[in-house]
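Reviewing the structure listed below.
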Amino acid sequence: MQTDFNKKQLQNRDVNASEKIIRKCVHCGFCNATCPTYQVLGDELDGPRGRIYLIKDMLEKDKPANEKIAKHIDRCLSCYACMTTCPSGVNYMHLIDHARNHIEKTFKRPIFERFLRSLLSKILPNPRLFKIIGYLSRVVYPFRFLLPKRIRKMIYYMPSSFPKSNIENKQIYNAKGKVYAKVALLTGCVQRVISPQINDSTINILNRHGVEVIVIKEIDCCGSLNHHLGKETLAHKSFINNIEYWYRCYEEKKIDAILVTTSGCGTTLKDYGYIFRDHPDKELRKKAKIISELAKDVSEYLGKNIKLNYIQLDRKFKIAYHSACSMQHGQKLHTKPFDLLKKTGNEIVEIPDGHLCCGSAGTYNLLQDAMAEELLKRKIENINKVKPDFISTGNIGCITQIGTATAIPIVHTIEILDWYTGGKRPLAISSL
């Protein structure tokens with residue numbers, strides 16, 4: 001795609017990077033074939049190619065975003081299916097991130113929209129605040145009909161209770177027997193509060209296989225929630241905090257990897273090096289690059305570094321594997337968890353149109369609820385076609401989203417792997 005940026009514009013590192021990305025686009029339209037929003041709406045501006053034109057025009061003319069641009073960019077899920085499809089290697093992820101930052105800085109949204117986005121920005125990355133709001137939402141639940149629709153939706157997604165972790169809260173979890181490796185674990189923000197069993201299973205399976213696990217208390221959110229809301233300053237504050245603490249751990253504890261159990265977070269961690277590629281602090285650039293290289297999805301790490309000791313159980317299950325967008329498109333890790341699950345001896349099946357998003361996408365199901373509901377409806381229809389006993393996935397957002405629309409149990413992949421290597425049976429499938 002031909003561009004017309006001037007020399008002064010190209011001195012800006014983000015504009016320069018986006019210009020290179022835009023020039024790679026050859027207008028082929030393959031991206032539209034796998035774009036969930038284009039599949040639903042059929043509008044060129046709600047597909048990657050159309051959004052690229054909008055972004056190009058906005059950045060080239062150095063103009064503030066307007067309502068039209070914000071509407072179509074906001075409708076993007078950041079599922080990155082277009083990147084998997086694109087034959088030209090267009091890095092749409094970095095382009096859409098730049099566009100969101102530009103929109104946030106130059107466009108004044110309606111007051112209620114600003115309120116919602118600020119609310120999510122403050123609550124979701126903070127586990128303690130999220131829990132307080134969760135308890136308050138139970139109080140107002142009987143009166144929810146008085147509230148705006150999207151506030152009702154937020155309350156609907158809030159859990160009715162907050163389960164407790166079954167393992168001791170500490171910084172270092174020692175391996176059983178000989179120590180083969182040391183890793184740091186991102187326990188997450190929302191996941192830690194609503195599904196602590198995911199971290200429990202991760203620590204248990206790693207400890208059983210000779211891996212020491214370190215949890216740094218000063219790290220809550222990976223920063224991706226604010227990053228995708230276009231709140232660059234808040235996101236970078238989280239990024240730098242995490243980089244500094246993990247790098248210190250890397251230097252002092254000699255960790256082999258930073259493990260992530262939420263694939264959306266993993267995609268962002270692996271991008272820290274790119275985000276700080278031109279930062280004036282040379283030391284921060286170096287640290288960010290190392291942290292990105294250390295970041296691994298837990299299934300990626302287990303599949304490559306650990307020989308799991310599987311056990312045989314009496315019953316065989318039919319398990320539908322939901323490959324989260326951030327896993328298959330963001331991190332290109334579709335086969336790793338699938339192969340690990342197959343080794344349990346169960347029947348592992350793919351979901352039809354599995355490349356399409358379930359509609360969760362971070363805060364998307366709260367800010368774009370109509371589109372999210374349509375995508376969820378299609379996802380459930382496709383899951384029902386394979387008639388599984390339960391569903392497995394590697395992303396807490398997908399677990400929450402899909403779990404609201406089906407009676408079929410859904411569990412994190414690591415819970416299944418922990419169970420089939422000597423751990424406890426996941427509570428969500430205890431009745432099967």
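The values are calculated or read from the model by the stated rules, or taken from the named source; none is laboratory data. None of these values were measured; they are calculated from a predicted model. Positions of Cβ are generated from backbone atoms using ideal geometry, with glycine treated the same way; all protein chains shown enter the neighbour counts.
Which of (1) of a type outside the set (A, V, I, L, M, F, W, C); (2) under 20 Å from ILE416 (Cα atoms); (3) touching a residue at least 40 places away in the same chain (Cβ under 8 Å) is the odd one out, the single condition GLU350 does not satisfy?
The number of the failed condition is (3).
How do the pairs read when you match residues in region 286-313 that are without any contact (Cβ under 8 Å) to a residue 24 or more places away in the chain with residues anywhere that are of a type in the set (Phe, Trp, Tyr), using Cβ under 6 Å and keeping only pairs 6 or more apart or on different chains?
Hits for this filter: SER292/TYR272.
So that you can scan it fast, the table gives a plain yes or no per residue for (1) over 15 Å from ASP256 (Cα atoms); (2) touching a His at 6+ places or on another chain (Cβ under 7 Å):
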{"position": "VAL298", "(1), (2)": "no, no"}
{"position": "LEU302", "(1), (2)": "no, no"}
{"position": "LEU308", "(1), (2)": "yes, yes"}
{"position": "PHE317", "(1), (2)": "yes, no"}
{"position": "HIS334", "(1), (2)": "yes, no"}
{"position": "PHE338", "(1), (2)": "yes, no"}
{"position": "GLU350", "(1), (2)": "yes, no"}
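Assuming MET154 fulfils every condition listed in (1) over 24 Å from GLY266 (Cβ atoms); (2) of a type outside the set (Lys, Arg); (3) touching a strand residue (DSSP E or B) at 6+ places or on another chain (Cβ under 7 Å); (4) surrounded by 20 or more Cβ atoms within 10 Å (Cβ to Cβ) apart from one, which condition is it?
Every listed condition holds for MET154 apart from (3).
Given the conditions (1) buried (at least 24 other Cβ atoms within 10 Å of the Cβ); (2) touching a strand residue (DSSP E or B) at 6+ places or on another chain (Cβ under 7 Å); (3) at pLDDT 95 or above, report the number of the one that PHE239 does not fulfil.
Every condition holds for PHE239 apart from (2).
So, in region 226-236, how many residues would count as being β-branched (Val, Ile, Thr) and either farther than 18 Å from THR106 by Cβ or crowded, with 24+ Cβ neighbours inside 10 Å (or both)? Full working, then the answer.
Residues of region 226-236 β-branched (Val, Ile, Thr): 233.
Then drop every residue that is not either farther than 18 Å from THR106 by Cβ or crowded, with 24+ Cβ neighbours inside 10 Å (or both), which leaves none.
Number satisfying all stated conditions: 0.
Would you please list the contacts, defined by Cβ atoms under 6 Å and residues six or more apart or on different chains, that run from a residue in region 218-237 that is charged (D, E, K, R) to a residue that is surrounded by fewer than 24 Cβ atoms within 10 Å (Cβ to Cβ)?
GLU218/TYR245; ASP220/PRO127; LYS231/SER121; GLU232/ASN101
Just to be sure I understand, how many residues within region 236-274 are of a type in the set (Gly, Ala, Ser) and under 18 Å from PRO337 (Cβ atoms)?
4
Spot the failing condition for ASP418; the list is (1) in contact with a strand residue (DSSP E or B) (Cβ under 8 Å, 6 or more places away or on another chain); (2) part of a helix (DSSP H, G or I); (3) over 28 Å from ASP74 (Cβ atoms), and only one is missed.
(1)
Give me the residue from region 269-312 that is small (Gly, Ala, Ser) and surrounded by fewer than 22 Cβ atoms within 10 Å (Cβ to Cβ) and, out of that set, farthest from ASN204 (Cα to Cα). Give the derivation first.
Initially, region 269-312 is screened for residues small (Gly, Ala, Ser), giving 273, 288, 292, 295, 299, 303.
Now drop any that are not surrounded by fewer than 22 Cβ atoms within 10 Å (Cβ to Cβ), which leaves 273, 292, 303.
Numbers: GLY273: 30, SER292: 25, GLY303: 16 Å.
Among those residues, the one meeting the criterion is GLY273.
Can you find even one residue in region 99-118 that is closer than 20 Å to CYS31 by Cβ and among the acidic types (Asp, Glu)?
Taking region 99-118 and keeping what is closer than 20 Å to CYS31 by Cβ, we get 99-100.
Restricting the remaining residues to those that are among the acidic types (Asp, Glu) gives none.
No.
For region 171-212, what are the residues that are at positive phi and either in contact with a strand residue (DSSP E or B) (Cβ under 6 Å, 6 or more places away or on another chain) or assigned by TED's automatic domain parsing to the domain that holds HIS412 (or both)? Even if it seems obvious, please write down each step before you answer.
Filtering region 171-212 down to residues at positive phi leaves 177, 188, 210.
Result: no residue meets the conditions.
So LYS379 fits all but one of (1) crowded, with 22+ Cβ neighbours inside 10 Å; (2) of a type in the set (Lys, Arg); (3) free of Cβ contacts under 8 Å to residues at least 24 places away in the same chain; what number is the exception?
Result: LYS379 fails condition (3) only.
Would you please name the residue that is nearest to LEU427 (Cα to Cα), looking only at residues in region 146-177 that are in a loop (DSSP other than H, G, I, E, B) and of a type in the set (D, E, K, R)? Before you say what the answer is, go through the steps one by one.
Our first condition is that a residue be in a loop (DSSP other than H, G, I, E, B); within region 146-177, this holds for 147-148, 158-171, 174-177.
Next cut, of a type in the set (D, E, K, R) only: 164, 168, 170, 176.
Numbers: LYS164: 13, GLU168: 19, LYS170: 23, LYS176: 24 Å.
My answer is LYS164.
Tally up the residues in region 283-323 that are among the basic types (Lys, Arg) and closer than 30 Å to LEU375 by Cβ, please. First the steps, then the outcome.
If we filter region 283-323 for residues that are among the basic types (Lys, Arg), which is where we start, we get 285-287, 289, 296, 304, 307, 315-316, 318.
From what's left, closer than 30 Å to LEU375 by Cβ: 296, 318.
Looking only at that region, the number is 2.
Of the conditions (1) under 21 Å from ASN101 (Cα atoms); (2) surrounded by 19 or more Cβ atoms within 10 Å (Cβ to Cβ); (3) among the β-branched types (Val, Ile, Thr), THR34 satisfies every one except a single condition; which number is it?
(1)
Regarding region 342-360, can at least one residue be identified that is of a type outside the set (Ser, Thr, Tyr), touching a Lys or Arg at 6+ places or on another chain (Cβ under 6 Å) and closer than 17 Å to LYS153 by Cα?
In the first step, residues of region 342-360 are kept if they are of a type outside the set (Ser, Thr, Tyr); the result is 342-343, 345-359.
If we keep only those that are touching a Lys or Arg at 6+ places or on another chain (Cβ under 6 Å) too, we end up with 346-348, 352, 358.
Retained after the next criterion (residues that are closer than 17 Å to LYS153 by Cα): 358.
Within region 342-360 (the criterion being of a type outside the set (Ser, Thr, Tyr), touching a Lys or Arg at 6+ places or on another chain (Cβ under 6 Å) and closer than 17 Å to LYS153 by Cα), the answer is yes, since at least one residue qualifies.
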